[in-house]
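Each remark here refers to the structure printed beneath this line.
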Amino acid sequence: MSTPLTSKRDSFGSKIGVIAAVSGSAIGLGNIWRFPYVTGENGGGAFLLVYLSFILLIGIPVMLSEFVIGRRSQRNTVGAFKKLAPRTPWHIVGFLGIIASFVILAFYTTVSGWTLEYLFISIKNGFSGKSEADLVTQFNTFTSSGLRPVLWQLLFMFFTAFIVFKGIKNGIEKYTKILMPILLLIIIALCIRSVTLPDAGKGLTFLFRPDFSKITGKVLLEALGQAFFSLSIGMGTLITYSSYINKKENLSTAAISISLADTLIAVLAGVAIFPAVFAFGISPNEGPSLVFITLPLIFDQMIGGYFFSLIFFILLSIAALTSTISILEVAVAYLSEELHISRKKATIAASLAISVFGIGSTMSLGSWNWLSINGLSLFDCFDKLSANILLPLGGLLIVIFVGWFLGKDQVFDEISNGGKLKARLRWVYLFIIKFIAPIAIALVFLNSIGLFL
Ligand code: TRP
């Protein structure tokens, strides 16, 4: 139904639908592309341990807090704060989210475009027999070639806009609930191939044996940023999505199961990537190209590798798509509900504006390499700015809002569905969002800019 959100709001149909839609947002390139590359750059095991602790201690509580804000207000990110905290500046948190949605989509669609190219190469069987060096050249030549990655990116943006345009309920949940489990199966197949490669043990040691001397302020910040990025939290995506959740859902169990599923996929992606990284002699801190070089090598060594690579890149593109629609929805819901622009116009306007930044991000890796700040390409800047600054900052403000402003009665009422659910861990949750999460996020920030420790 493409009913405008302003009259009768769309909502998700079923329980599994909600889990599917929110998992669809969470599971994406963040798990399969970003998690391995950031883990590789930050030393492996110790990073993983910090990452997992942040998911449990900060990620799940922030996710639940976004659910509370979204479902209680039934509004877009900006409107939600206006409704729950009228005549206060809290809605600025919502605007921060809108800015973050632009920044994230600008570089996320670059990488989504890469997945389309890699799908295209898979169809042509273009990885077979390639050495590591060939694949590095192939990746660099393609990503810096300008027009081609931009065209894939715009095509991806177009798909995203098309689905958002049709309204939230129609597509998202239907597809994710079938496709994400298949993606999981393929990743498991990749893991099996990877851990049976010669010297696979080194990769597993890298990923699972923490070397605590590697933990620095930067590692903590990167782990926090990755946790936020992967769970889609800190910018109102889940406020927007949960505004479509019906009042009977159990928000706490949803937050826990979605976070666990998301984390499982990321860790499995790590198990698929790192043994192969070591087996093929790739450097774990290769950066954003890591998985695009490693995965083709694994497929090449697999029985049925052609089909696996085909299905994998199809599913990865779809996983990316279910994430990009959730990000675009933030801006579109805001424009249509708050500024009363039609859903159609809002989608077109937001997509065009994002594409301008997106083209800058993609081109900054090629001939527009003057688009850089301090030696970091615009692409890298958008990546770091969103994950390491905007999302944790948004998350900090969100837990402070729910813990200190909304307060105990409203929070308990919302997570217990007006007293119908027991919500046994409610005190633990409240304690975390009032004290632990804000202090932890603040310390990680201060520490990373060298003000502490
Ligand atoms: N979590 C998604 C991924 O892992 C990306 C994403 C979707 C996202 N919505 C978001 C990241 C909101 C940050 C904020 O690929």
### Query
Helices from the chain with mean Kyte-Doolittle at least 0.0 and a Cα length along the axis of 15 Å or more, per DSSP H: which?
15-26, 60-73, 91-123, 147-166, 172-195, 217-231, 251-279, 290-300, 305-338, 343-363, 437-448
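Of LYS345/LYS420; LYS177/LYS247; LYS130/LYS214; LYS247/LYS434, which sit over 29 Å apart, Cα to Cα?
Numbers: LYS345/LYS420 41 Å; LYS177/LYS247 21 Å; LYS130/LYS214 34 Å; LYS247/LYS434 24 Å.
Violating the 29 Å limit, Cα to Cα: LYS345/LYS420; LYS130/LYS214.
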### Query
In what sequence, highest mean first, do 311-317, 430-436 appear when ranked by Cβ atoms within 10 angstrom?
311-317, 430-436
### Task
Pick out, from MET180, ASN417, SER259, the residue whose Cα sits farthest towards the positive end of the charge dipole of segment 5-448, with +1 on the Cβ of Lys and Arg and -1 on the Cβ of Asp and Glu.
ASN417
### Message
If you average the alpha carbon positions of segment 209-238 and of segment 331-368, how far apart do those two centres end up, in angstrom?
### Response
27
### Query
Measuring from centroid to centroid over Cα atoms, what is the spacing of segment 114-131 and segment 53-103 in Å?
40
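Rounding to the nearest 20 debye, state how big the charge dipole of the chain is about its Cα centre with +1 on each Lys and Arg Cβ and -1 on each Asp and Glu Cβ.
Working: 34 positive and 22 negative charges, 326 e Å.
Dipole about the Cα centre, nearest 20: 1560 debye.
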### Least to most buried among THR39, THR362, THR216 (fewest other Cβ within 10 Å first)
THR216, THR39, THR362
#### Entry: Coarse-grained scattering of the chain at q = 0.07, 0.12, 0.14 Å⁻¹, given as base-10 log I(q)/I(0) from a Debye sum over alpha-carbon atoms
-0.32, -0.99, -1.35
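Coordinate-derived values only; no laboratory data. Just so it is clear, the structure is predicted and the values come from calculations on it, not from any experiment. Note: ideal-geometry Cβ built from the backbone for every residue, glycine included; neighbour counts use all protein chains shown.
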